[in-house]
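Structure, as structure tokens:
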Amino acid sequence: MTDIITAPVLHSLNPATGEVVGSVPITPVREIPAMIQRAREAQREWRRMSLEDRAACLVRGGKVLVERADELGRLLTREMGKPLREGVGEVRGCGAWMEEETRDIAAALQPDHLEDERTISTVFHDPYGVCAAITPWNFPISMPHSLVIPALMAGNTVILKPSEETPLIAQAYVEVLSAFLPSDVLSIVHGADEQGKALVAGDVDIIAFTGSRETGKKILGSASGGLKRVILELGGKDPLVVLHDADIDKAARFAALNSFRNAGQVCVSTERIYVDERIAPEFEQALLRHAGELPVGAGEDESTRIGPMINLRQRDHVLSHVDDAVKKGAHVLGQGPSAQGNFLQPTVLTGVSHEMDIMREETFGPVACVMRFRNDDEAIALANDTPFGLGAAVFGEEEHAAQIGRQLDAGMIGINKGCGGAAGSPWVGAKQSGYGYHSSREGHRQFTQARVVSRSKPS
Ligand code: ADP
């Protein structure tokens with residue numbers, strides 16, 4: 001009893017109100033090695049199951065996610081802040097896609113058969129063993145889901161360490177799936193950096209991480225001792241290039257939605273906008289108009305399009321970027337960021353430059369930063385002037401935009417649209433935005449060790 005009362009807990013706060021939504025016990029660091037050991041033992045059986053049987057377990061969990069989408073979506077919104085429709089949609093989407101997703105992963109992991117004049121080979125895609133998945137709070141179900149499902153399908157067991165900001169929805173997700181899985185196939189560690197570090201340093205075989213570039217570097221460093229496999233999806237500083245022949249209103253609408261969606265807390269948010277000076281005044285006014293169409297408020301309020309920032313630290317980080325930009329000569333168009341609690345009004349900045357933090361570091365907030373360019377070469381140079389390279393978008397006449405898009409140093413480039421690819425495309429970052437990648441046949445295979453078994457052809 002005393003233990004229960006004194007055991008340290010992690011309180012999850014509603015970012016809209018500051019109220020405690022609930023709590024979970026923090027996993028003591030000293031317990032992590034034993035958890036990894038149990039996951040390793042469970043993996044022996046799990047890997048022996050067929051892909052179809054593993055998929056069947058997950059699909060049953062997926063059905064429950066769909067059935068409970070309203071309830072879990074509300075929990076997600078209360079814990080993370082995004083509009084209720086998006087919270088429910090996130091839960092339902094993960095559940096509803098499970099069947100198709102597991103089928104695609106199973107297809108990706110089929111062995112390859114190769115032969116030449118002398119040799120017949122089979123390339124198997126075998127599990128590594130235990131996978132540590134460390135995930136952020138901005139899509140608190142779909143981020144864990146995008147790592148956990150391919151890892152499990154491949155025959156690994158998984159220990160998830162969700163963000164300390166959103167432990168409740170992650171706990172619910174793990175409980176839903178675990179009800180249909182053998183014990184210790186999927187487990188959860190709660191806590192912050194110390195727990196993450198212990199997991200990465202423990203006896204795991206592969207680490208899949210989505211989060212900041214700085215933490216990604218630390219994880220890679222820690223994993224290097226054991227040459228553990230690492231997949232990192234890191235932040236971005238995505239550019240949007242608006243060419244002189246763009247549909248200005250369409251480009252401005254996209255700029256507003258992609259800068260402000262999820263309060264800008266998306267790894268592929270538009271963080272930098274470069275617009276041809278010939279159309280800049282018209283574009284900026286259209287952007288301001290579209291920004292005004294997105295009401296800010298608590299996620300549970302039906303009219304809300306933009307919820308609060310996750311916490312005060314993130315809010316202050318965004319405000320410090322705006323302050324730095326204004327001090328260095330940027331203009332705030334229309335209303336400023338006017339903070340109330342964790343809420344920030346969507347803000348449009350013009351006259352920004354690469355001297356400003358807001359054009360160099362990840363802002364992760366509802367700020368659209370517009371810089372004018374004189375010609376296409378300058379636009380390409382500016383868009384590529386960053387160590388990041390996750391997504392990018394180019395708006396303009398289709399062929400013109402495609403030709404500029406091919407010259408951008410990003411992993412995913414949208415032409416007159418956002419950066420997401422067709423089903424089956426990889427989710428991939430270039431430069432310092434990623435290390436390995438996921439989704440797609442090749443992405444799913446990154447959760448596996450290739451093993452080539454060869455025989456000589458009878459002569
Ligand atoms: P943010 O704090 O902005 O969500 P981070 O990249 O700092 O993004 O953290 C993402 C996740 O990584 C969180 O779950 C955090 O607890 C965890 N984490 C932080 N530092 C480390 C580390 N050195 N090793 C492993 N995990 C870590």
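Excluding residue 141 itself, what net charge comes from residues whose Cβ is under 14 Å from its Cβ, given Lys and Arg +1 and Asp and Glu -1?
Numbers: positive: 68, 74, 78, 82, 92; negative: 70, 71, 79, 86, 90, 101, 165, 175.
Net of charged neighbours comes to -3.
Give me the extension gain from residue 224 to residue 44: residue separation times 0.36 nm, minus the current Cα-Cα distance, reported in nm with one decimal.
Working: separation 180, 0.36 × 180 = 64.80 nm, distance 2.53 nm.
In short, 62.3 nm is gained.
Given a 1.4 Å probe and every protein chain left where it sits, what share in percent of the accessible area of the chain is carbon and sulfur?
Details: 10140 of 19800 Å².
Here carbon and sulfur together make up 51 percent of the probe-accessible area.
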**Study point:** Dipole-positive endmost among 429, 440, 130 within the chain (Cβ charges, Cα centre)
**Key:** 130
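Contour minus end-to-end for residue 385 and residue 278, with contour as 0.36 nm per residue of separation and end-to-end as the Cα-Cα distance?
Details: separation 107, 0.36 × 107 = 38.52 nm, distance 2.22 nm.
Gain on stretching residue 385 to residue 278: 36.3 nm.
GluC sites (Glu not before Pro) within the range 3-55: which are DSSP loop residues with at most 14 other Cβ atoms inside 10 Å?
On the way: sites: 19, 31, 41, 45, 52; in loops: 19.
Qualifying residues, ordered by number: 19.
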Exercise for review: DSSP loop (so not H, G, I, E, B), at most 13 other Cβ within 10 Å: list which GluC sites (Glu not before Pro) in the range 316-396 pass both filters.
Suggested key: 355
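Relative to 2.2 N^0.38 Å, what does the C-alpha radius of gyration of the range 211-266 come to as a ratio? Two decimals please. Walk me through the numbers on the way to the answer.
Values: Rg = 17.6 Å, N = 56, 2.2 N^0.38 = 10.2 Å.
Normalised Rg, Cα atoms only: 1.73.
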Practice item. Provide, as a two-decimal number, the C-alpha radius of gyration of the range 238-420 over 2.2 N^0.38 Å, N being how many residues it has. Key: 0.95
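Counting only protein chains, not ligands or nucleic acids, how are 21, 275 ordered by accessible area (probe 1.4 Å), most first?
On the way: 21 30, 275 0 Å².
Listed by decreasing accessible area, they come as 21, 275.
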Review point. In Å and whole numbers, how far do the C-alpha atoms of the range 272-370 stretch along each principal axis, longest first?
Key: 41, 27, 18
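Quick check: net charge around residue 34, other residues with Cβ under 14 Å of its Cβ, Lys/Arg +1 and Asp/Glu -1?
Values: positive: 30, 38, 40; negative: 31, 41, 184, 203.
Net local charge, residue 34 excluded: -1.
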**Study point:** In nm, spacing of pseudo-spin labels at residue 17 and residue 459 (7 Å Cα→C-beta vector)
**Key:** 8.1
Review point. In nm, to one decimal, how far is the residue 327 label point from the residue 118 one, both placed 7 Å along Cα→Cβ?
Key: 6.9
**Study point:** 3J(HN,Hα) from dihedral phi, the range 255-269, Karplus parametrisation 6.51/-1.76/1.60, rounded to Hz, x for glycine, proline
**Key:** 4, 5, 4, 7, 7, 10, 3, 6, 6, x, 8, 9, 5, 10, 4
Point to revise | At q = 0.22 Å⁻¹, base-10 log of I(q)/I(0) for the range 91-196 (Debye sum, equal scatterers on each alpha carbon) | key: -1.21
Practice item. Could you tell me how many degrees, from 0 to 90 and to the nearest 10, lie between the Cα long axis of helix 167-178 and the main elongation axis, the longest principal axis, of the Cα atoms of the chain? Key: 40
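Run lengths n ≥ 4 of DSSP H only: what is the helix-derived mean residue ellipticity at 222 nm for the chain, with -39500 (n - 2.57) per run over all residues, to the nearest 500?
Values: 16 runs with 182 residues, N = 459.
Taken over the chain, the calculation gives -12000 deg cm²/dmol.
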Review point. In the neighborhood of residue 293, defined by Cβ-to-Cβ distances under 14 Å, what is the net charge if each Lys or Arg adds +1 and each Asp or Glu adds -1?
Key: +3
Review point. In square nanometres, what is one fourth of the surface area of the convex hull spanned by the alpha carbons of the chain?
Key: 24.1
Point to revise | Added length on full extension, which subtracts the Cα-Cα distance from 0.36 nm per residue, residue 9 to residue 179 | key: 58.8 nm
Check your understanding: Nearest 10 degrees, 0 to 90: what angle lies between the long axis of helix 213-224 and the longest principal axis of the chain (Cα atoms)?
Key -> 20
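So what is Rg over Rh here for the range 187-298, counting just Cα atoms and using Kirkwood for Rh? Don't skip to the answer; put the middle values down first.
Values: Rg = 20.0 Å, Rh = 16.9 Å.
Expressed as Rg/Rh, it is 1.18.
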Check your understanding: Per residue, how many Å² of accessible area does the range 175-271 show with a 1.4 Å probe?
Key -> 34
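Among 272, 40, what's the order by accessible area (1.4 angstrom probe), most exposed first?
Values: 272 0, 40 50 Å².
The ranking, largest first, comes out as 40, 272.
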Review point. Between residue 378 and residue 316, what is the FRET efficiency for a Förster distance of 35 Å, r being their Cβ-Cβ separation, to the nearest 0.05?
Key: 0.60
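Cross-link list 82/228; 161/431; 82/237; 217/431; 161/237: which exceed 23 angstrom alpha carbon to alpha carbon?
Details: 82/228 35 Å; 161/431 26 Å; 82/237 21 Å; 217/431 13 Å; 161/237 25 Å.
Table pairs above 23 Å Cα-Cα are 82/228; 161/431; 161/237.
The values are calculated or read from the model by the stated rules, or taken from the named source; none is laboratory data. Remember, predicted model here, so these are calculated numbers, not experimental data. With ideal geometry, Cβ positions are generated from the backbone for all residues, glycine too; neighbour counts draw on all protein chains shown. Each accessible area value is taken on the protein alone, full model and side chains, heavy atoms only, with ligands, DNA and RNA left out. Shrake-Rupley method; radii C 1.70, N 1.55, O 1.52, S 1.80 Å.
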